[in-house]
Amino acid sequence: MIRKTNEHDLESMLDIWLSASIKAHDFVPAKFWTSQVEAMRTIYLPASEHYVFEIESKVVGFYACYENTLAAIFVTPELQGKGIGKQLLNHAKNQRPSLTLSVYKENEASCQFYRSQGFSVISEQRDAHTGHLEYTMVWEKAKQP
């Protein structure tokens, strides 16, 4: 089930974000991600609109949007590859006319996932925090005639 977040979801979201970030971005030292937890808690998540995916009352994934930017989409590593990310992404797409996101170029699995879901690369740049190359990708809702 996908639902809007409540005040009880924050710690679960942070745990998912940290574990999934470390797994997906093994080319960035894990200490970088742990150093970002407080910023996620106090700056990034509070500034965005977010939804969680629950299984048996347990949060197992979430996404966060800031305006038309998909700022985060993460699924607990043990449940990745089971369609949860796709359901979360489809939910986000139904909320917005377009979505833009950034993804590390070295994160090939995520790049492929976003391409398979209709996103296109519009630029490539170096991430200021890690120095790694990242893509900016965009998806736009099909225009109705």
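The values are calculated or read from the model by the stated rules, or taken from the named source; none is laboratory data. This is a predicted model, so every value here is computed, not measured. In this analysis, Cβ positions are derived from the backbone assuming ideal geometry, glycine residues included, and neighbour counts consider all displayed protein chains. Keep in mind that these areas ignore ligands, DNA and RNA; they rest on the heavy atoms of the full protein, side chains included. Shrake-Rupley method; radii C 1.70, N 1.55, O 1.52, S 1.80 Å.
Shape call for the range 67-139 from the C-alpha gyration tensor, a ≥ b ≥ c root eigenvalues: rounded (a/c under 1.5), prolate (a/b greater than b/c) or oblate? Don't jump to the answer; show the numbers that get you there.
On the way: a/c = 1.82, a/b = 1.23, b/c = 1.47.
In terms of gyration-tensor shape, oblate.
Rounded to the nearest 0.05, what FRET efficiency do His132 and Glu56 give with R0 = 30 Å and r taken as the Cβ-Cβ distance? Could you check?
Details: r = 36 Å, r/R0 = 1.21.
Using R0 = 30 Å, I get an efficiency of 0.25.
Which is the longest stretch in the chain that no exposed loop site breaks, taking sites as GluC sites (Glu not before Pro) with a DSSP loop state and at most 11 other Cβ atoms within 10 Å? Intermediate results must be reported in sequence, preceding the final value.
On the way: sites that count: Glu7, Glu56, Glu67.
The answer is 68-145.
Cross-link list Lys31/Lys86; Lys23/Lys105; Lys31/Lys82: which exceed 21 angstrom alpha carbon to alpha carbon? If you can, show how the numbers build up before the last one.
Details: Lys31/Lys86 28 Å; Lys23/Lys105 15 Å; Lys31/Lys82 28 Å.
Flagged as over cut-off: Lys31/Lys86; Lys31/Lys82.
Roll a 1.4 Å probe over the protein chains and send me the accessible area per residue for the chain in Å².
On the way: 8180 Å² over 145 residues.
With all protein chains present, the chain gives 56 Å² per residue.
Give me the percent of the accessible area of the chain that comes from carbon and sulfur atoms, probe 1.4 Å, all protein chains in place.
52
Roughly how many nanometres apart are two label points built 7 Å out from the Cα toward the Cβ at Phe32 and Lys86?
Those two pseudo-labels are separated by 3.0 nm.
What are the equivalent ellipsoid semi-axes of the chain, built from the alpha-carbon gyration tensor (square roots of five times its eigenvalues), in whole angstrom, biggest first? Present the calculation step by step, with values, prior to reporting the outcome.
Values: eigenvalues 90, 83, 42 Å².
Square roots of five times the eigenvalues give 21, 20, 14 Å.
Quickly work out the Tyr44-to-Gln117 label distance, labels modelled 7 Å from Cα along the C-beta direction, and quote it in nm with one decimal.
Modelled inter-label distance: 1.6 nm.
At 0.36 nm per residue, and after removing the present C-alpha to C-alpha distance, how many nm does the segment from Gln125 to Glu140 gain when stretched out fully? Each step should come with its number before you reach the end.
Numbers: separation 15, 0.36 × 15 = 5.40 nm, distance 2.11 nm.
Here the segment from Gln125 to Glu140 would lengthen by 3.3 nm.
To the nearest 20 debye, what charge dipole does the chain have about its Cα centre, counting +1 at the Cβ of each Lys and Arg and -1 at the Cβ of each Asp and Glu? Can you show the working numbers first?
Working: 15 positive and 17 negative charges, 99 e Å.
Using Cβ point charges on Lys, Arg, Asp and Glu, the chain gives about 480 debye.
Distance in nm between label sites at Lys23 and Leu79, each 7 Å beyond Cα in the beta-carbon direction?
About 1.1 nm separates the two model spin labels.
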